[in-house]
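Structure incoming, see below.
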Amino acid sequence: MRTPIIAGNWKMNMTAAQAVEFVREIRRGLNNVQGVDAVICPPAIAIPGVFDALSATKIGVGAQNMHYEEKGAFTGELAPNMITPFCKYVILGHSERRAYFGETDEGVNKKIKAALAHGLTPMVCVGESLEQNEAGETQSFVGGQVKAAFAGLTAEQAAQCVIAYEPIWAIGTGKSASAALAGSIIGLTVRGSIADMFGEATAQKVRIQYGGSVNEDNIAEYMSHPDIDGALVGGAALKPSFVQLVERAK
Ligand code: PGA
């Protein structure tokens, strides 16, 4: 049985002070939800404050990115051991990082290996663009992203990862993919690629989220699909109703 996991990706929203105020407001409600792993991924500068505010809860904290190197001349970046005192999770390869900051499959692969070496749970994002979707390239493109991201991992390492399937055309647009469509890509293409690489038993262990315009009203539909194990949530994670969203993921 895979425990559902709902992660809030705040992106570049909330100051450190606003972040602490907001998590104080939602922490009790979130912490009361049983049987769902809830994770908050605030901007980097808010991570220590959010970690402190959540220290008496079981709510996880995640970073939105990190570098794969241990240290060095990488202006503006954070090394794995800078986030591990606060974070159990790290989002890697989000489509916005790939589109605006030049992240490549190769870099994402290095980051996954570095995260695992530091005991972090990577939340690895994959997903096709509207053009790729309309050209019928979803399966080949997303399957290729999964295979590139997980290249060189052991089955044990792969099983520890979380994957988020986020069709780019559904992110922040209100045009969410149907649960049936998302579930079939997740089952056949994402879990299928993990099965090709590491075997079916490993594929059955990996938790795979859907992401893209998930909210408190549509989460239950996604969760009713047997292959969808949770969600990576952007805009709807910035509101107090994120608590209801997590409650409905059971
Ligand atoms: P959204 O973002 O929920 O605002 O569509 C999801 C994401 O980018 O992770």
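The values are calculated or read from the model by the stated rules, or taken from the named source; none is laboratory data. Computed from a predicted structure; not experimentally measured. Cβ atoms come from the backbone with ideal geometry, glycine included; neighbour counts cover every protein chain shown. Heads up: the accessible areas ignore ligands, DNA and RNA and are worked out on the full protein's heavy atoms, side chains in. Shrake-Rupley method; radii C 1.70, N 1.55, O 1.52, S 1.80 Å.
Out of (1) open to solvent by less than 50 Å² (accessible area, probe 1.4 Å); (2) basic (Lys, Arg); (3) within 16 Å of the ligand (Cβ to nearest atom), the odd one out for LYS111 is which?
In the conditions (1) open to solvent by less than 50 Å² (accessible area, probe 1.4 Å); (2) basic (Lys, Arg); (3) within 16 Å of the ligand (Cβ to nearest atom), LYS111 misses (3) alone.
Further question: Name the residues in the stretch 145-165 that are open to solvent by 30 Å² or more (accessible area, probe 1.4 Å) and among the β-branched types (Val, Ile, Thr), would you?
Scanning the stretch 145-165 gives a single hit, THR154.
Can I ask one more? For the structure I just gave you, tell me whether PHE74 is assigned to a loop (DSSP other than H, G, I, E, B), more than 16 Å from the ligand (Cβ to nearest atom) and open to solvent by 10 Å² or more (accessible area, probe 1.4 Å).
In short, yes.
Report, ordered by the first and then the second residue, all pairs with beta carbons closer than 9 Å, sequence separation of six or more or different chains, a first member in the stretch 169-183 that is open to solvent by 50 Å² or more (accessible area, probe 1.4 Å), and a second member that is more than 8 Å from the ligand (Cβ to nearest atom) and not in a loop (DSSP other than H, G, I, E, B).
Listed pairs, sorted by first residue: LYS175/TRP169; SER178/GLU221.
Something else now. Among the residues of the stretch 225-250, write down those that are more than 10 Å from the ligand (Cβ to nearest atom), farther than 21 Å from ILE208 by Cβ and hydrophobic (A, V, I, L, M, F, W, C).
The answer is VAL243, and nothing else.
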